[in-house]
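Working notes, beginning with the structure itself.
The values are calculated or read from the model by the stated rules, or taken from the named source; none is laboratory data. Values in this document were obtained by computation on a predicted structure and should not be read as measured data. Cβ atoms come from the backbone with ideal geometry, glycine included; neighbour counts cover every protein chain shown.
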Amino acid sequence: MTRKAGPERPVPPHLQGARSGTLPAAREEQANQKPGRSALPLHPVLFAIAPVLFVYAYNGARIPIDPRELLVPIALSLAMTAVLWAILGLLFHSAARAALLVSLFLVLFFLYGHVAGSYMPEVFASAELLLGGTVLLGIGVWLVVRRRKRRARRSLSGVTVVLNCVAGGILTVNLATGLRAFAHRPPRAEHGTGQEAAATGAGYPDIYYIIADSYVRSDVLKSGHNADNSAFLGKLESLGFFVADRARSNYAWTHPSLASSLNFTYLDSLAAAVGTESDNGGPLLGMIKNSRLAGFLRRRGYKTVSFASGDAGTDQFAADVRLSPPWSLTEFQGILVNTTLLRDILIMRHASSVDRHRDRVLYTLRNLPYAGRSRHPVFVFAHVLSPHRPFIFRPRGLPANVSSYGGQALYLGSLLEAVVRQIMAQSQRPPVIIIQADHGLRETVSWGDSAQSQLEERMAILYAAYLPPSGRRTETSALLYDSISPVNTFRVVLSQYFDTTMALLPDRSYYSRLDRPYRFYDVDRPESYQAADGPARPGAAP
């Protein structure tokens, strides 16, 4: 029996659009996803954590980073992610779409500093990069809005799965590398209390050990940078300083140089124990942290004082008192900030890494004269990261042909002279004051015909010492000589003022590469470095 066609029944309101295939946009996406199969967008959370782990993984084996330092950056990154995700979710009525934009923003935010270049920029020159990032983010917003307006039937589940896998893979790699870095991490300093002192220290002089990082010798400064610091050196000599005009560093980088001078020994035994192919800087930092010199002085009643330098190695010097600006960041925190968009935001607000570096240097120099205020004798260790890059000082009235480095060295000299005068004026006992560089300037050496001159620039250092009469030995000037090197500095000082006699070691200079810090080449034996396998890698000295 054939059923007659009648008038079409009206469609109930809750089913309107079903026959025409035009479900409301908010419900259409749900209708096209199978129950229990929709992907949960985890990628924003993973992208928020991975960059922090990356910075730790890349630097954790080189500098002593406390893993607890990661907690605050990760928490802040997750909080920023949650707030942004919530706001965008309300705007687009879709957690998946909001997650896409949040992940795009996080990638741009954390990649910005890497793309922008140097971690210690001297000028703000990233307007194009900021514009490019804004354009990319704008394109992402446009695509999400366009997709919503077109009411596309295709689910975002596939895209979400891909992004989850990518972010998860990045996080896994960084986590594995970070665990390896943690296993090979350098030691951290446990700042002492001085309770191991076995004497009161009565009658011993205060000792100031001031490292002017990368300050080259006067002749090299003049010939290579058109800067004449003879006035500064002359004023030091008028105050009673001995200035060595042929001084050279024992090692070419900060950490081996100071590990050697603070323990008044060469590093041959350490290199044999660690291996010349090792790139692990931990043993060097351990020698700086718990130096033979600090132990010797503590047993005689000394208090040790250090200043925050911004260098993770010398910041680990185990001092009884560590002085730092209240805003001071650790090296890990500084590196992390400078990999993000905050890098240039802080520059525009005059709070960049360069500004912090300048303030840290000035803080150290301003407070050095007051570090000796103690009823105990004090050993003051101040690593001043200048005239090392970045160039933050330049006196007025310099000729145009004076380099930025030369101008900075001259200005630092005037600051050091003022510091020395204040220390001498305020000291109850005549102090011992050592001003020296850890190494020279040149950061790379091309192994060839010009290697010798390049090595000379790298090893030639400022060296000035004030040793007051001790009443225990002959004239102190007889113990100092023009070619003295840092390994003998405290052999002279300890023999002069304490109940010990230490023989001087031969003054030798060794070059090594950053990636092979224990493979030493004798600067005075050309055959030892002419066989080197390629040029040293460029980069700032550690």
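When Ile210 is tested against (1) of a type outside the set (Lys, Arg); (2) buried (at least 21 other Cβ atoms within 10 Å of the Cβ); (3) part of a helix (DSSP H, G or I); (4) modelled with pLDDT of 95 or more, just one condition goes unmet, and that condition is (3).
Condition check ((1) among the aromatic types (Phe, Trp, Tyr); (2) in contact with a strand residue (DSSP E or B) (Cβ under 8 Å, 6 or more places away or on another chain); (3) within 18 Å of Leu462 (Cα to Cα)) across all residues:
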| position | (1), (2), (3) |
| --- | --- |
| Arg396 | no, no, no |
| Leu410 | no, no, yes |
| Gly413 | no, no, yes |
| Val420 | no, yes, yes |
| Gln428 | no, no, no |
| Val432 | no, yes, yes |
| Ile435 | no, yes, yes |
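Of all the residues in region 271-299, those that are surrounded by fewer than 19 Cβ atoms within 10 Å (Cβ to Cβ) and outside any helix (DSSP H, G or I) number 8. Checking region 387-398 against the condition returns no match, with no residue being assigned to a helix (DSSP H, G or I) and either aliphatic (A, V, I, L, M) or modelled with pLDDT under 85 (or both). Among the residues of region 234-264, which ones are more than 29 Å from Ala294 (Cβ to Cβ) and touching a strand residue (DSSP E or B) at 6+ places or on another chain (Cβ under 8 Å)? Hit for region 234-264 is Glu237, nothing else. For region 216-270, the helices (runs of 4 or more DSSP H) that sit wholly inside it and include 2 or more residues that are surrounded by 24 or more Cβ atoms within 10 Å (Cβ to Cβ) are 254-261.
Does Lys222 satisfy the condition of being of a type outside the set (A, V, I, L, M) and without any contact (Cβ under 8 Å) to a residue 12 or more places away in the chain? The answer is yes for Lys222. Restricting Thr339, Thr314 to those that are surrounded by 18 or more Cβ atoms within 10 Å (Cβ to Cβ), within 21 Å of the chain's Cα centre (by Cα), farther than 23 Å from Leu416 by Cα and β-branched (Val, Ile, Thr) reduces the list to Thr339.
Applying the criterion of being among the aliphatic types (A, V, I, L, M) and farther than 15 Å from Ser77 by Cα to the residues of region 94-115, the residue that is surrounded by the most Cβ atoms within 10 Å (Cβ to Cβ) is Leu100.
Could you list, in sequence order, all residues of region 85-97 that are part of a helix (DSSP H, G or I) and either touching a residue at least 24 places away in the same chain (Cβ under 8 Å) or at positive phi (or both)? Answer for region 85-97, where residues must be part of a helix (DSSP H, G or I) and either touching a residue at least 24 places away in the same chain (Cβ under 8 Å) or at positive phi (or both): Trp85, Phe92, Ala95, Ala96, Arg97. Counting only helices (runs of 4 or more DSSP H) that sit completely within region 451-541, those holding 3 or more residues that are hydrophobic (A, V, I, L, M, F, W, C) and modelled with pLDDT of 90 or more correspond to 489-497.
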